[in-house]
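Below you'll find the structure, written out as structure tokens, and then a few comments.
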Amino acid sequence: MLFGEATALSADHTIADTFHGHIQPGWDIVGNANGGYTMAMFARGALLHSGRRDVISVSAHFLAPGVVGPITVVADPIKSGKRFATTRIDLANAERTMLSGTVITGDLDNGSGPDLISATPPDIPAPGNCVRTVSADFFPPPFVDRIEQRIDPSTAMGTTPGPEVRGWMKLLDDEPLDTLALVLASDSLPPTVFNTHLEPSWVPTVQMTIHIRNRPTTEWILLDSHTRVVTGGMFEVDNTIFDEDGTVLAHSRQLQLLGLAH
């Protein structure tokens, strides 16, 4: 099942501002749905509700693990302006709310102004010379089989270069990349702290914010992810996404808990 189908939502014609979907099997990390995948469904609800073309910003609080099964997305409009629409979103199943937060939607074609960019893409091998990730019995998880992912060999699992991971991603069967795919991509790399001596056993997301600056235009997108602070049982992950030509597409910050193996 491709990404678009796996994140599809349908409007509830009896309850206003409500959409229904299904968290699909195989998009999980050891039984719990990947956070970027559920955030993409969360953001799709805002796109459908607002009628805008692009996701501009997503801020989500993760309240419970995503589990396979039917879900409901409820949109509460905050403001609809000429350039942006801001919508509060809740994503829930029959038992509890899993994600809650806000999504800003708009049209990236409507932005104009000067450029001042210091972010540059990392120098990594081409996708064909990077490490392809496929699922195993425990890790990598089933989620990696739902995308095409290539990890920079210098930051592959077990290299322990420090809390950073870099790699390439695209969707299966050349499914087109859009701003929803960038939401997915922002949480697609292996956790940065797995490239440390800390030996984490689980790293659930508490909160994540994504800002999208441009639509993807190339076959692959390049992800550069790193952590600077691990303290108090938590760590942040900063991720920047580039087109193959070096254009900045998105950047995100994610707060995760750090559970240790012993």
For PRO176, which of the numbered conditions (1) touching a strand residue (DSSP E or B) at 6+ places or on another chain (Cβ under 9 Å); (2) at pLDDT 90 or above fails to hold?
(1)
Suppose the filter is among the acidic types (Asp, Glu) and without any contact (Cβ under 8 Å) to a residue 24 or more places away in the chain; does ASP238 pass it?
yes
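Specify the residue that is surrounded by the fewest Cβ atoms within 10 Å (Cβ to Cβ); the eligible residues are those in region 186-245 that are of a type in the set (Ser, Thr, Tyr) and within 27 Å of GLY111 (Cα to Cα).
Looking at the filtered set, the residue picked out is THR217.
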Residue among ASP115, ASP90 that is in contact with a Gly (Cβ under 9 Å, 6 or more places away or on another chain) and among the acidic types (Asp, Glu):
ASP90
Condition (residue is assigned to a strand (DSSP E or B), surrounded by fewer than 20 Cβ atoms within 10 Å (Cβ to Cβ), of a type in the set (Ser, Thr, Tyr) and in contact (Cβ under 8 Å) with a residue 12 or more places away in the chain) applied to region 11-25: is it met by at least one residue?
yes
Does region 103-114 include one or more residues that are on the phi > 0 side of the Ramachandran plot and either surrounded by fewer than 18 Cβ atoms within 10 Å (Cβ to Cβ) or in contact with a Leu (Cβ under 8 Å, 6 or more places away or on another chain) (or both)?
yes
Under 8 Å between Cβ atoms, at least 6 apart or on separate chains: pull out the pairs that start in region 207-222 with a residue that is at pLDDT below 95 and end on any residue that is part of a strand (DSSP E or B) and of a type outside the set (A, V, I, L, M, F, W, C).
none
Please verify whether region 43-54 includes one or more residues that are part of a strand (DSSP E or B), more than 20 Å from ILE212 (Cα to Cα), at pLDDT 95 or above and not assigned by TED's automatic domain parsing to the domain that holds ARG215.
no
Return yes or no: is GLY31 within 19 Å of ALA64 (Cβ to Cβ) and out of contact with any helix residue (DSSP H, G or I) (no Cβ under 6 Å at 6 or more places or on another chain)?
yes
Can you confirm whether ARG83 is at pLDDT 95 or above, surrounded by fewer than 15 Cβ atoms within 10 Å (Cβ to Cβ) and farther than 14 Å from ILE210 by Cβ?
no
For a quick check of your reading: which strands (runs of 3 or more DSSP E) sit entirely within region 80-181 and have at least 2 residues that are among the β-branched types (Val, Ile, Thr)?
84-92, 97-106, 147-151
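The values are calculated or read from the model by the stated rules, or taken from the named source; none is laboratory data. Source: prediction; values computed, not measured. Positions of Cβ are backbone-derived with ideal geometry, glycine not excepted, and every protein chain shown enters the neighbour counts.
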